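Encoded as structure tokens, the structure appears first; notes follow it.
The values are calculated or read from the model by the stated rules, or taken from the named source; none is laboratory data. Just so you know, these numbers come straight off a predicted model, no measurement behind them. Neighbour counts are summed over all protein chains in view; Cβ atoms, including those assigned to glycine, are modelled from backbone coordinates with ideal geometry. Note: accessible area is taken over every heavy atom of the protein model, side chains too, but ligands, DNA and RNA are not part of it. Shrake-Rupley method; radii C 1.70, N 1.55, O 1.52, S 1.80 Å.
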Amino acid sequence: MPVLKVISFKICPFVQRITALLEAKKTPYVVEYINLKEKPQWFLDISPNGQVPLLVTEKEEVLFESEAIAEYIEEAYPALQPDLSLVQRAQNRAWGYLGSKNYMPQCGAQSSSDGETLRERTMKIATAFAKVEKVLGGAEFFNSDTVSTVDMTWLPLLHRTQIIKEKTGYDFAHGYPKVQNWRAALMKTGLCEKSISEDFMTPFANFYLSESTVLGRMHAKGLSCESNASNLEEVCKQQGCSDILKQ
């Protein structure tokens, strides 16, 4: 029986948004991974912009752009929050967009080659965390005790902050306790692990935790102390490893 197919690059946050949504809906799907440095011709033939994700429907119809794919999945399969009003649905889309537009800034921050660049890029992402911190309430997730499309859109961002925190001690979400609680709740669902490949950490570490990045050098040093944009320089000074902050 035909099932949905997601065309993916293993560490792409835009793809994880889609697979997380499918996992949350318990919708069957398969994933086909490609190498973005050597894109196969069949992929270029069906991808108007040459990017992932692509979604191939059960009828072999091809959808591109994660925003459009997520909207299709939400409408084509049982909704995560079926009783929302039109205004609430629009609000969810807006808050989701705030999350997804920070995917690339987060990738850039994780790739920072020196401490000052990491600090500056962290502060840019922090503006989004500050905005969502103000609207997070007493619910377990974004606006309810069950996951929503907003949660699935922010999941790649929050998942990556958790990985970096565990591997280096550096927390992109420092100073935002509600965001940290939200992150913990999403981690407990198991959706983060289910929405990535089994070997996700290998390409992720090769790309973001290599010796060419500050975070990679922190990881290599085995630093376990808590750090963030405001205290990174002081922490490294105390640990006698200020050299890792230099390119």
Excluding residues on the same chain fewer than 8 positions from K167, give the lysines whose Cα lies under 26 Å from its Cα. K10, K101, K124, K178, K188, K194, K221, K237, K246
Crossing angle, helix 66-76 versus the chain [Cα axis fit, 0-90 degrees, rounded to tens]: 40 degrees
In whole Å, largest first, the alpha carbons of segment 50-137 cover along the principal axes 49, 37, 14
For segment 151-247, listing trypsin sites (Lys or Arg not before Pro) in a DSSP loop whose Cβ sees at most 13 other Cβ atoms within 10 Å gives K246
Can you list the residues, at least 5 places off or on another chain, whose amide H is less than 5 Å from the amide H of L4, using H built in the peptide plane? V30
In terms of the charge dipole of the chain, which places +1 on Lys and Arg and -1 on Asp and Glu at the beta carbon, the residue among S113, T57, P82 farthest towards the positive end is S113
Please report, in cubic angstrom per residue, the volume enclosed by the convex hull of the alpha-carbon atoms of segment 127-247. 110 Å³
Starting from the Cα gyration tensor of segment 1-106, take the square roots of the eigenvalues, sort them a ≥ b ≥ c, and report rounded, prolate or oblate (rounded when a/c is under 1.5, otherwise prolate if a/b is larger than b/c, else oblate). oblate
Counting only protein heavy atoms, what percent of the accessible surface of segment 143-246 is carbon or sulfur at a 1.4 Å probe? 47 percent
If you take every residue apart from T213 with its C-beta less than 12 Å away from the C-beta of T213, what net charge results, scoring Lys and Arg +1 and Asp and Glu -1? +1
With -39,500 (n - 2.57) per DSSP H segment of 4 or more residues and division by the full residue count of the chain, the 222 nm estimate, nearest 500 deg cm²/dmol, is -16500 deg cm²/dmol
May I ask for the net charge around A70, where only other residues with Cβ less than 14 Å from the Cβ of A70 are counted and Lys, Arg are +1 while Asp, Glu are -1? -2
Find out how many positive minus negative residues lie around K10, taking Lys and Arg as positive, Asp and Glu as negative, among other residues whose Cβ is under 12 Å from that of K10. -3
Identify the residues of segment 199-222 with backbone N under 18 Å of a label point that sits 7 angstrom from the Cα of T127 along the Cα-to-Cβ direction, or state none. none
Cα pair count fraction exceeding 17 Å, expressed as % - segment 189-247: 48 percent
Read phi for every residue in segment 16-27 and hand back ³J(HN,Hα) as whole Hz from Karplus 6.51 cos²θ - 1.76 cosθ + 1.60, θ = phi - 60°, with x for Gly and Pro. 4, 4, 6, 5, 5, 5, 5, 5, 4, 8, 6, 8
As I understand it, the value is the acute angle between the Cα axis of helix 177-189 and the longest principal axis of the Cα atoms of the chain; what does it come to in degrees, rounded to 10? 50 degrees
Leaving out ligands, DNA and RNA, what percent of the accessible area of segment 1-121 is carbon and sulfur, probe 1.4 Å? 54 percent
Cleavage-rule hits (trypsin sites (Lys or Arg not before Pro)) in segment 16-69: DSSP loop, at most 10 neighbouring Cβ within 10 angstrom: K26, K59
Going 7 Å from the Cα of Y77 along its beta-carbon direction, which residues of segment 157-198 have the amide nitrogen within less than 15 Å of the resulting point? 191-192, 194-196
Just in segment 137-242: which GluC sites (Glu not before Pro) are loop by DSSP and have at most 11 other Cβ atoms within 10 Å? E198, E211
Long-range HN-HN contacts of L54 with modeled amide H, under 5 Å: I7
Reviewing (i) 23.2; (ii) 18.9; (iii) 20.1, the figure for Kirkwood radius over Cα pairs in Å actually calculated from this model sits under (ii)
